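S.K.: Starting off with a structure, shown below.
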Amino acid sequence: MTGRIGELTKYLIYLNPQIHFIKSNSVHKAILDFTRTNKNDLILTFPRKHSFFQKSESRQLIFYSPAAVMTIQ
């Protein structure tokens with residue numbers, strides 16, 4: 001792996017991380033469904049859009065997640 005994900009994997013190697021890419025029209029719903037199904041402990045996100053006036057997908061994920069959420073910019 002290269003880029004940001006490769007660097008992150010290198011730092012977290014001792015935790016045995018698994019990386020999954022999910023594509024969906026409803027990002028927060030897809031991540032929450034995946035987390036509940038797979039009983040994940042931590043969700044790392046790399047948000048793409050930031051807008052003061054639009055509803056935040058990251059905020060919805062953080063408020064309704066059954067696991068801890070870390071957002072990296």
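S.K.: Could you check the range 3-30 and list, in sequence order, the residues that are within 18 Å of GLN73 (Cα to Cα) and assigned to a helix (DSSP H, G or I)?
M.R.: GLY3, ARG4, ILE5, GLY6, GLU7, LEU8, THR9, LYS10, TYR11, VAL27, HIS28
S.K.: Please specify each residue of the range 31-47 satisfying the condition of being open to solvent by less than 100 Å² (accessible area, probe 1.4 Å), more than 15 Å from ILE72 (Cβ to Cβ) and β-branched (Val, Ile, Thr).
M.R.: Filtering the range 31-47 for residues open to solvent by less than 100 Å² (accessible area, probe 1.4 Å) gives 31-35, 38, 40, 42-47.
Filter once more, keeping what is more than 15 Å from ILE72 (Cβ to Cβ): 32-35, 38, 40.
Correct list: THR35 only.
S.K.: Name the pairs: first residue in the range 8-28 and more than 13 Å from ILE43 (Cβ to Cβ), second residue modelled with pLDDT of 80 or more, Cβ to Cβ under 9 Å, at least 6 apart or on different chains?
M.R.: Listed pairs, sorted by first residue: LEU15/LEU42; LYS23/ALA30; SER24/ALA30; SER24/ILE31; SER24/ASP33.
The values are calculated or read from the model by the stated rules, or taken from the named source; none is laboratory data. Since the model is a prediction, treat every value here as computed from it, not as a measurement. Neighbour counts run over all protein chains shown; Cβ positions are idealised from the backbone, glycine included. What goes into the accessible areas is simple: the full protein's heavy atoms, side chains included, and nothing from ligands, DNA or RNA. Shrake-Rupley method; radii C 1.70, N 1.55, O 1.52, S 1.80 Å.
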